[in-house]
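Structure, as structure tokens:
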Amino acid sequence: LTSRNYRFGLSLGRNERFDTALTVEGSATAIAAKQLAQDLNLDMPITNIVADLASGQISVQDALKSLLSRPLKEE
């Protein structure tokens with residue numbers, strides 16, 4: 001219950017600020033994965049939303065709206 005990743009996720013869910021001086025591996029990985037997907041021209045909507053959440057560019061509510069508003073298609 002005290003890991004940085006857990007506390008980071010909890011703060012995201014609570015819409016609270018997180019100490020950016022702490023390293024959160026999951027956050028850094030999500031941001032790197034988003035960049036790689038963009039470089040390879042891959043559509044990875046969940047990865048993009050997680051990275052945007054991790055970097056504070058989108059709220060949890062807006063992330064849900066964005067994902068749920070995508071058109072249904074076979075994946």
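The values are calculated or read from the model by the stated rules, or taken from the named source; none is laboratory data. Note that the coordinates shown come from a computational prediction; the quantities given were computed from them, not determined experimentally. Here Cβ is always computed from backbone atoms with ideal geometry, including for glycine, and neighbour counts include all displayed protein chains.
Answer yes if at least one residue in the range 13-22 is surrounded by fewer than 14 Cβ atoms within 10 Å (Cβ to Cβ) and in a helix (DSSP H, G or I), and no otherwise. The answer is yes; a qualifying residue exists. Within the range 51-69, identify whether any single residue is under 17 Å from ASN5 (Cα atoms) and at pLDDT 90 or above, and answer yes or no. Yes.
Pairs meeting the criteria (first residue in the range 1-12 and under 13 Å from SER27 (Cβ atoms), second residue assigned to a helix (DSSP H, G or I) and modelled with pLDDT of 85 or more, beta carbons under 6 Å, at least 6 apart or on different chains) are LEU12/LEU53.
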